[in-house]
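Trainee: Pasting a structure here, questions to come.
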Amino acid sequence: MSSIALTAAGSPLDPPAQARPLLARLDPRSRVLAAFAFAVGVVWCQSITALLFAGALAAGLAILARLAPAATLRRVLAVEGFMLLTLASLPFTMGGEPAFTLLGFTAGWDGFHRAGIIMLKSSAVLLATLALLGTLDMPALGHALARLGLPLRFVALFLFTVRYIDVLYREYARLRLAMRARGFRPRASLHCWRSLGHLFGMLLVGSLERSERIHAAMRCRGFDGRFHLLDEHRPGRLDWGFGAVQTASLLLLAVLDVW
């Protein structure tokens with residue numbers, strides 16, 4: 001029966017528990033629930049003070065997860081840069097007390113306040129998600145979702161998607177390398193667009209044929225549409241302690257937001 005198995009906790013290849021980050025020692029289900037609860041709590045907040053406290057909590061989670069500062073900062077800035085154009089229009093569309101006038105358009109303080117709230121929310125949720133889920137292996141995340149009651153078909157689709165995104169990327173890189181070896185250089189020309197169209201067409205056709213071969217091979221090995229869960233994670237004292245601390249933090253976050 002085809003299945004996806006997690007590495008056993010006692011494997012000699014695993015680092016000692018004391019050398020692993022604190023969040024890495026939590027049950028994957030605890031991390032998924034913690035990320036969900038934190039995101040809901042932060043999205044519910046509307047106070048700048050509460051959101052600054054949420055940002056501090058997210059930064060603490062990033063430290064506990066031992067995230068690389070430079071890579072994490074690049075990811076956060078990439079998301080904020082994507083939202084910048086949307087946030088820049090809020091001061092000119094929400095009204096409120098005028099702050100300044102630009103090219104005949106008046107920017108209001110209400111828009112700046114709302115843009116700041118959205119920026120703080122997105123940064124805190126993204127940083128906490130990177131700390132709690134970004135360091136989690138995809139098979140472990142899929143098994144955690146199944147243990148939490150999500151449909152097994154959804155979990156199987158999730159695991160297949162994660163696995164074959166990488167496969168498609170490697171196939172795409174192989175085809176692009178072959179094109180460059182034949183002198184292809186991207187230009188604004190009809191030949192260039194036709195070549196790129198052929199590239200993506202070959203990628204889609206090859207992906208379809210590969211998926212059919214893999215499905216046939218899995219059926220021959222008895223795959224019945226389900227990934228059997230072989231992990232033996234059990235919540236321990238560390239999980240309950242982390243849950244208690246997070247619950248107290250979210251309650252304090254709610255008090256700050258109301259106060």
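Trainee: Looking at (1) out of contact with any Asp or Glu (no Cβ under 7 Å at 6 or more places or on another chain); (2) in a helix (DSSP H, G or I), can you tell me which one Leu136 breaks?
Mentor: (2)
Trainee: To continue, here is another question. Taking Ala156 as the residue in question, decide whether it is more than 17 Å from the chain's Cα centre (by Cα), of a type in the set (A, V, I, L, M), assigned to a helix (DSSP H, G or I) and on the phi < 0 side of the Ramachandran plot.
Mentor: yes
Trainee: Going through Arg29, Arg66 one at a time, which residue ends up being modelled with pLDDT of 80 or more and part of a loop (DSSP other than H, G, I, E, B)?
Mentor: Among Arg29, Arg66, only Arg66 is modelled with pLDDT of 80 or more and part of a loop (DSSP other than H, G, I, E, B).
Trainee: Can you go through Gly108, Gly149, Gly60 and tell me which one is free of Cβ contacts under 8 Å to residues at least 60 places away in the same chain and in contact with a Pro (Cβ under 7 Å, 6 or more places away or on another chain)?
Mentor: On the way: Gly149 fails: in contact with a Pro (Cβ under 7 Å, 6 or more places away or on another chain); Gly60 fails: in contact with a Pro (Cβ under 7 Å, 6 or more places away or on another chain).
One residue alone meets the criteria, Gly108.
Trainee: Do the conditions hold for Ser195, that is, is it among the polar types (S, T, N, Q) and open to solvent by 40 Å² or more (accessible area, probe 1.4 Å)? Full working, then the answer.
Mentor: Details: among the polar types (S, T, N, Q): yes; open to solvent by 40 Å² or more (accessible area, probe 1.4 Å): no.
Spelling it out, it is not the case that Ser195 is among the polar types (S, T, N, Q) and open to solvent by 40 Å² or more (accessible area, probe 1.4 Å).
Trainee: Take the residues in the range 165-192 that are open to solvent by 90 Å² or more (accessible area, probe 1.4 Å) and assigned to a helix (DSSP H, G or I); name whichever of them is nearest to Met138 (Cα to Cα).
Mentor: Restricting to residues being open to solvent by 90 Å² or more (accessible area, probe 1.4 Å) and assigned to a helix (DSSP H, G or I), the top hit is Ile165.
The values are calculated or read from the model by the stated rules, or taken from the named source; none is laboratory data. This is a predicted model, so every value here is computed, not measured. Cβ coordinates were reconstructed from backbone atoms using ideal geometry, including for glycine residues, and neighbour counts include every protein chain displayed. These accessible areas exclude ligands, DNA and RNA; they are computed on the full protein's heavy atoms, side chains included. Shrake-Rupley method; radii C 1.70, N 1.55, O 1.52, S 1.80 Å.
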